[in-house]
Amino acid sequence: MSKKNAKPAVNGGEILLKAVAEEGIEWIFGIPGGEFLPFLEAATRLETRITYVGVRHEQACGMMADAVARVKISTSMPRRARCSALCST
């Protein structure tokens with residue numbers, strides 16, 4: 001295959017971001033760190049409806065994710081396994 005026809009390389013961050021977006025997740029809470037950087041870089045390059053909230057403590061991350069999920073599920077989302085918050089640590 002020539003370089004003209006070669007598809008650009010896709011990293012794990014892009015794959016994870018696309019998978020999360022396909023699940024309908026709107027909020028991601030996380031502590032930025034080394035292994036999470038490819039995901040954050042993909043989030044800045046690709047257009048998605050995902051909002052990333054950087055936190056400084058794991059417990060704060062979990063509490064924020066839980067609060068958003070409870071509010072979204074109780075007000076506007078059907079009660080199914082479609083959690084709107086993902087916490088990454």
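The C-beta contact set for the stretch 39-59 (first residue over 15 Å from Val20 (Cβ atoms), second residue part of a strand (DSSP E or B) and of a type in the set (Phe, Trp, Tyr), distance under 7 angstrom, 6+ apart or interchain) comprises Val55/Phe29.
Go through the residues of the stretch 48-57 one by one and say whether even a single one is crowded, with 18+ Cβ neighbours inside 10 Å, among the aliphatic types (A, V, I, L, M) and in contact with a helix residue (DSSP H, G or I) (Cβ under 7 Å, 6 or more places away or on another chain). Yes, the stretch 48-57 contains a residue that is crowded, with 18+ Cβ neighbours inside 10 Å, among the aliphatic types (A, V, I, L, M) and in contact with a helix residue (DSSP H, G or I) (Cβ under 7 Å, 6 or more places away or on another chain).
Name every residue in the stretch 29-47 that is surrounded by fewer than 15 Cβ atoms within 10 Å (Cβ to Cβ) and of a type in the set (A, V, I, L, M, F, W, C), in order of residue number.
Leu37, Leu46
Counted as qualifying within the stretch 25-89 are the strands (runs of 3 or more DSSP E) with 3 or more residues that are at pLDDT below 85, namely 85-88.
Give the number of residues within the stretch 1-24 that are outside any loop (DSSP other than H, G, I, E, B), of a type outside the set (Asp, Glu) and out of contact with any strand residue (DSSP E or B) (no Cβ under 8 Å at 6 or more places or on another chain). Spell out how you get there, then give the answer.
If we filter the stretch 1-24 for residues that are outside any loop (DSSP other than H, G, I, E, B), which is where we start, we get 12-22.
Restricting the remaining residues to those that are of a type outside the set (Asp, Glu) gives 12-13, 15-21.
Those left that are additionally out of contact with any strand residue (DSSP E or B) (no Cβ under 8 Å at 6 or more places or on another chain): 12-13, 15-19, 21.
Counting residues in the stretch 1-24 that are outside any loop (DSSP other than H, G, I, E, B), of a type outside the set (Asp, Glu) and out of contact with any strand residue (DSSP E or B) (no Cβ under 8 Å at 6 or more places or on another chain) gives 8.
The values are calculated or read from the model by the stated rules, or taken from the named source; none is laboratory data. Fair warning: this is a prediction, and the values are worked out from it, not measured in the lab. Positions of Cβ are generated from backbone atoms using ideal geometry, with glycine treated the same way; all protein chains shown enter the neighbour counts.
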